[in-house]
Structure formats: structure tokens, C-alpha cells
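To keep things clear, I will list the structure first and then write my remarks on it.
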Amino acid sequence: MNHLRELGDLLSREIRGQATALSRILSVLQRGQLGLSKSTRPRGSFLLLGPTGVGKTETVVVATRHLFGPEGLIRFDMSEFQTQDSIRILLGNGGSEEGQLPRVRAARACGSLLFDEIEKAHPKVLDLFLQLLDAGRLTAASGEVLDFSGFYVWLTSNIASSEIVNLQYSGDATLERHVLAGAQMALRPELFARIQERIVFYPLGYDIQLEIARKFLEGELAFLENKGHRLTVKPEVMGFLVRKGFHPKLGARPMRDTIERLVGEAIAARLLI
């Protein structure tokens with residue numbers, strides 16, 4: 001039980017600037033882990049919307065590792081499923097090719113299924129989610145019925161991300177209304193309606209990216225210290241790193257890459273003297 005109580009604090013530490021989204025996600029996870037979700041559906045289902053680099057996928061990674069361990073997350077890049085024939089990759093072909101989802105279910109009874117950038121998948125692939133979200137089951141090409149009621153289903157999408165960036169200084173309610181309307185237009189109504197929580201992740205402002213920069217820098221310094229390189233950082237360095245790494249449209253990824261590059265270059269220069 002303490003493990004579940006700690007999840008909220010963990011998410012707040014690891015994912016910055018998304019308090020509303022995390023609160024809604026935490027509610028579903030707690031109910032699912034306490035056995036309060038319907039056994040005829042997945043433990044929880046989510047559509048996470050927002051621009052790149054704002055914490056959508058990282059939220060899934062952090063929550064799943066905490067609840068199920070490092071092997072509990074099964075991730076699918078939906079850009080690899082752009083043709084109707086790619087259904088067999090997921091469900092098999094009824095012959096020697098078993099399919100990824102039957103293998104997942106044979107190996108695990110619970111965990112998280114993460115389907116990244118679902119707008120890139122073929123419509124026939126998306127049809128599979130109708131059964132998965134409604135009944136927590138899928139029928140493999142072999143005819144076997146796969147029970148995924150012990151899993152959480154996560155869908156991420158960049159649908160309407162340009163709207164999010166353009167409207168980031170509007171009120172939260174206005175921004176969320178526009179983004180959800182865009183997602184509802186892009187996805188079939190019967191799919192959209194089956195998703196339990198449809199959650200918008202907001203762009204990261206300068207102050208939030210400053211917090212993230214501190215977290216990334218601490219992580220990078222700890223990594224280097226384990227390698228035998230101990231660094232002391234002057235206060236003015238943080239402002240320099242944020243100016244170099246801040247990107248209003250690409251979120252936290254450029255910040256992470258900038259810090260890793262600049263700190264690594266500083267160490268390399270010293271070692272090569």
C-alpha cells in the first residue's frame with residue numbers, strides 16, 4: 001500500500017509543470033491497483049495529448065516502472081503500423097508468426113501497453129482498440145482470445161499540438177477545449193468515446209524548464225561522479241544552460257541534450273589538456 005501512496009510524490013518529482021494531468025492519471029492508477037476498476041475492461045485507459053517533450057511518454061515510463069518494474073512497459077511506435085498488413089505484426093498471421101500482443105500476454109498478466117503517436121497508424125489498426133478498450137480483450141489471428149484486463153492502455157498523440165503552442169497563453173479551459181475538439185475530429189467517435197481519460201499536457205514555460213534543467217543537471221553530475229569526475233557548478237552556469245537549451249515548441253528534450261553535451265564537452269576538454 002505504501003508503494004501506491006508514494007506514486008503521487010514520485011510523479012510530481014519526475015514530471016514538472018503537469019499537475020492537473022498527473023492528478024487525473026494518479027486517480028485512475030490508484031483505483032486500478034486497488035481493484036476498483038471493472039474487470040471487463042483494462043485497468044485504465046488514457047489518451048495523452050500535447051506537443052513533443054512535455055512529459056507524456058515519461059509519465060507512462062515513471063508510473064509503470066514504479067508499479068510493475070522495468071519489464072512492465074510494452075511500447076509500440078505506431079509509425080511502424082501504417083499499412084493494413086501491419087495488423088499481423090500485432091496479432092500474428094494464424095500460422096508460424098505469433099504476433100507481438102500474443103507474446104506479450106503469454107509473458108505477463110499485467111503492466112502497461114503504450115501506443116505512441118496513434119494518429120500515424122492505419123485506420124484498420126486503430127479498429128483493434130475498439131475491442132481492447134471496450135472489453136479488455138483481443139482475438140489473435142490463431143483464434144486465441146487474449147485477456148488484457150490486467151493492463152493499462154496508454155495512447156499518446158501530437159494531434160492539435162500546434163494549437164496547444166499557439167494557445168498556450170490562453171486559459172487552460174480554452175486550450176483543453178480546442179485540443180480535445182481536434183482529437184475528436186481526428187479519431188473515430190467510437191474510439192474516442194471508449195478512452196477513459198483524455199488528458200492534455202501543456203507546453204513548458206521558462207520557469208518549469210528551469211526546474212527541469214536543475215533536475216537534468218543533477219542527474220548528469222551524478223552520472224559523471226560515478227565515472228570518477230566530480231564537478232562543482234557555479235550559480236551563473238544554470239542560467240547559461242537554460243538559455244542554451246530552452247525551446248518553446250520542443251519541450252524538455254533540447255534542454256536534456258544541451259546539458260549532456262555542454263557538461264560532457266567541459267569534462268572532455270579538461271581530460272585532454
For residue 111, are the conditions met, namely being without any contact (Cβ under 8 Å) to a residue 60 or more places away in the chain, closer than 25 Å to residue 22 by Cα, surrounded by fewer than 17 Cβ atoms within 10 Å (Cβ to Cβ) and under 21 Å from the mean Cα position of the chain (by Cα)? no
In region 132-184, what count of residues is obtained for those that are aromatic (Phe, Trp, Tyr), more than 20 Å from the chain's Cα centre (by Cα) and either at pLDDT 85 or above or within 23 Å of residue 73 (Cβ to Cβ) (or both)? 0
Residue under evaluation residue 250, criteria (1) out of contact with any strand residue (DSSP E or B) (no Cβ under 9 Å at 6 or more places or on another chain); (2) more than 20 Å from residue 59 (Cβ to Cβ), criterion not met: (2)
If you go through region 248-268 one residue at a time, how many are without any contact (Cβ under 8 Å) to a residue 12 or more places away in the chain and open to solvent by 60 Å² or more (accessible area, probe 1.4 Å)? 2
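Out of curiosity, is residue 223 at pLDDT 80 or above, closer than 22 Å to residue 59 by Cβ, among the aromatic types (Phe, Trp, Tyr) and in a helix (DSSP H, G or I)? Steps first, please.
On the way: at pLDDT 80 or above: yes; closer than 22 Å to residue 59 by Cβ: no; among the aromatic types (Phe, Trp, Tyr): yes; in a helix (DSSP H, G or I): yes.
Judged against the criteria, residue 223 is not a match.
Hey, among 92, 99, 44, which residue is at pLDDT 95 or above and touching a helix residue (DSSP H, G or I) at 6+ places or on another chain (Cβ under 7 Å)? Before the answer, list the steps.
Working: 92 fails: at pLDDT 95 or above; 99 fails: at pLDDT 95 or above.
Every option except 44 fails the conditions.
Tell me, please, whether a residue that is more than 23 Å from the chain's Cα centre (by Cα), within 26 Å of residue 12 (Cβ to Cβ) and open to solvent by 30 Å² or more (accessible area, probe 1.4 Å) can be found in region 201-221. Talk me through it step by step, then tell me what you get.
Taking region 201-221 as the starting set, the residues that turn out to be more than 23 Å from the chain's Cα centre (by Cα) are 221.
Narrowing further to those that are within 26 Å of residue 12 (Cβ to Cβ): 221.
The next check asks that each one be open to solvent by 30 Å² or more (accessible area, probe 1.4 Å); those that pass are 221.
Yes, region 201-221 contains at least one residue that is more than 23 Å from the chain's Cα centre (by Cα), within 26 Å of residue 12 (Cβ to Cβ) and open to solvent by 30 Å² or more (accessible area, probe 1.4 Å).
Kindly indicate whether residue 129 is closer than 21 Å to residue 33 by Cα and either surrounded by fewer than 16 Cβ atoms within 10 Å (Cβ to Cβ) or modelled with pLDDT of 90 or more (or both). Write out each step before concluding.
Values: closer than 21 Å to residue 33 by Cα: no; either surrounded by fewer than 16 Cβ atoms within 10 Å (Cβ to Cβ) or modelled with pLDDT of 90 or more (or both): yes.
The answer is no for residue 129.
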Matching residues in region 1-47 (closer than 25 Å to residue 202 by Cα, polar (S, T, N, Q) and open to solvent by 40 Å² or more (accessible area, probe 1.4 Å)) number 5
Within the set of pairs 6 or more residues apart or between chains, which connect a residue that is open to solvent by 60 Å² or more (accessible area, probe 1.4 Å) inside region 86-105 to a residue that is of a type in the set (S, T, N, Q) with Cβ atoms less than 8 Å apart? 98/142
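Would a scan of region 234-247 turn up a residue that is aliphatic (A, V, I, L, M) and open to solvent by 80 Å² or more (accessible area, probe 1.4 Å)? Break it down stepwise before answering.
Kept after step one, since they are aliphatic (A, V, I, L, M), are these residues of region 234-247: 237-238, 241-242.
Cutting the leftovers down to open to solvent by 80 Å² or more (accessible area, probe 1.4 Å) gives us none.
Within region 234-247, not a single residue is aliphatic (A, V, I, L, M) and open to solvent by 80 Å² or more (accessible area, probe 1.4 Å).
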Taking region 185-196 only, how many residues are surrounded by fewer than 17 Cβ atoms within 10 Å (Cβ to Cβ) and either assigned to a helix (DSSP H, G or I) or without any contact (Cβ under 8 Å) to a residue 12 or more places away in the chain (or both)? 6
Counting only residues that are in contact (Cβ under 8 Å) with a residue 60 or more places away in the chain and within 27 Å of residue 250 (Cα to Cα), region 34-58 contains a total of 13
Would you mind telling me which numbered condition in (1) of a type in the set (Gly, Ala, Ser); (2) without any contact (Cβ under 8 Å) to a residue 60 or more places away in the chain; (3) in a loop (DSSP other than H, G, I, E, B) residue 182 fails? (3)
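Quick grid of which residues meet (1) among the hydrophobic types (A, V, I, L, M, F, W, C); (2) closer than 24 Å to residue 270 by Cβ; (3) assigned to a helix (DSSP H, G or I); (4) free of Cβ contacts under 8 Å to residues at least 24 places away in the same chain:
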residue: 178; (1), (2), (3), (4): no, no, yes, yes
residue: 198; (1), (2), (3), (4): no, no, no, no
residue: 204; (1), (2), (3), (4): yes, no, no, no
residue: 219; (1), (2), (3), (4): no, yes, yes, yes
Looking at region 136-150, which of its residues are surrounded by fewer than 16 Cβ atoms within 10 Å (Cβ to Cβ), in contact with a Lys or Arg (Cβ under 8 Å, 6 or more places away or on another chain) and more than 16 Å from residue 32 (Cβ to Cβ)? 145
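The values are calculated or read from the model by the stated rules, or taken from the named source; none is laboratory data. All figures in this text were calculated on a predicted structure; none of them were measured in a lab. For neighbour counting, all protein chains shown are included, and Cβ atoms are generated from backbone atoms with ideal geometry for every residue, glycine included. Just so you know, the surface numbers come from the protein's heavy atoms only, side chains and all, with ligands and any DNA or RNA stripped out. Shrake-Rupley method; radii C 1.70, N 1.55, O 1.52, S 1.80 Å.
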